[in-house]
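Taking it in order: structure first as structure tokens, then the write-up.
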Amino acid sequence: MRKGARFFLALFLLFSFGSLWALDFDNGEIRLTLHERDGRFSLYQKPEYSNGAYEALFTDSDPRTSFLQVIVNDISYKLGDTSTFKIRIEENSGNPAFVFESPFLKVTEEFAFIKTAGVSYVNGLAITITLANKSEKTFEAGARILIDTSLGEQGAGPDFVTDSYPIAAETFIDAEKDRAFWISENDHLSLMGSISVVGIERPSGIHFANWKRLNEVSWKAPYSAGRNFNAPPYSIKDSAVCYYFDPRPLPGGQSCSFTFFLASGDKQGFLPQGQEKAKAPPDILDDEREKDLLQIRNLINRIDVLMTEGNASGEEINALEQTLNQLLAKYGSGSVNQR
């Protein structure tokens, strides 16, 4: 069977599973949604009073307003928006992960479920960004993560608070400041982000500013202490948080990693690194259907590469056909060997 036909059979399987581009992972009171087409994620909490309804902890009406961006030798790439990096979803050490891959750099964004210090259930994520140099040459590489916060915009109080003071205007916290966390909250929900967690490298800086100002720059937005969260005429009381992990030399074949944390609000803060990880329940990645869905997505990605490069061996084609046949038989869709 032609490679194109195999691709469409895999695509049919993916459609039969439901949503083409989004995967949900529920654990404790948290739902993580990965949007594969855009390379973005959304985070939700299920408050006790909500009768099972999840509510967004940051802006989700357009997931593209929050993003991961990397910089390599002064050239920045907004992942999900650039054709330089291909996107896929994988299982990484038992955790869901985005993989963004280019000819010179592989970026892995891994999501591990965590508990914060004051709760006994899963209420957040440890997000680890790994940059792997695929080339033989050393280059400078770094990352920034923009979170389009929204909860603190809804009231009359400050858009953010830290464990030490409120943040009612533009603020930059550098790596030397001794703060533990920030919180964005409304009358019944709160999003908490890490500033300093025992056992992990601090961000180079965290910038609290108007979302438009942070979004429209290629890397760092000019900092103006005390400026409000407005960028007239259209972006009014529109705040956001940007984590920076400044570029550093990355030798050929080597990698570096950065970690930060997001969770529902807990005034006791985050646990030290190594104490916060939560075991995934049976329905997180161990669920047979979800694992099959990830396998189908990976098959589509591989078939797409083979169709572009045109250099698949007979052995690899047979292996792909065998895997597809197993999935097609499992879900009642025939065989790729049928003509």
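The values are calculated or read from the model by the stated rules, or taken from the named source; none is laboratory data. All of these numbers come straight from a predicted model, not from anything done at the bench. We place every Cβ from the backbone using ideal geometry, glycine too, and count neighbours over all the protein chains shown. Remember, those area values only see protein heavy atoms, side chains included, never the ligands or the DNA or RNA. Shrake-Rupley method; radii C 1.70, N 1.55, O 1.52, S 1.80 Å.
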Partner aspartates and glutamates for Lys46 [C-alpha distance under 13 Å; skip if fewer than 8 residues away on the same chain]: Asp26, Glu29, Glu55
Listed peptides 258-266, 57-65, 313-321 by packing density, highest first (mean Cβ within 10 Å): 258-266, 57-65, 313-321
Lys134 - accessible surface, heavy atoms, 1.4 Å probe, Å² rounded to 10: 90
Protection-proxy order for peptides 189-199, 168-178, each taking the mean of Cβ atoms within 10 Å per residue, highest first: 189-199, 168-178
Listed residue pairs exceeding 24 Å between alpha carbons, taken from Lys86/Lys134; Lys106/Lys267; Lys115/Lys267; Lys86/Lys212; Lys134/Lys220: Lys106/Lys267; Lys86/Lys212; Lys134/Lys220
Gyration tensor (alpha-carbon) shape descriptor, the stretch 231-277, a/c threshold 1.5: oblate
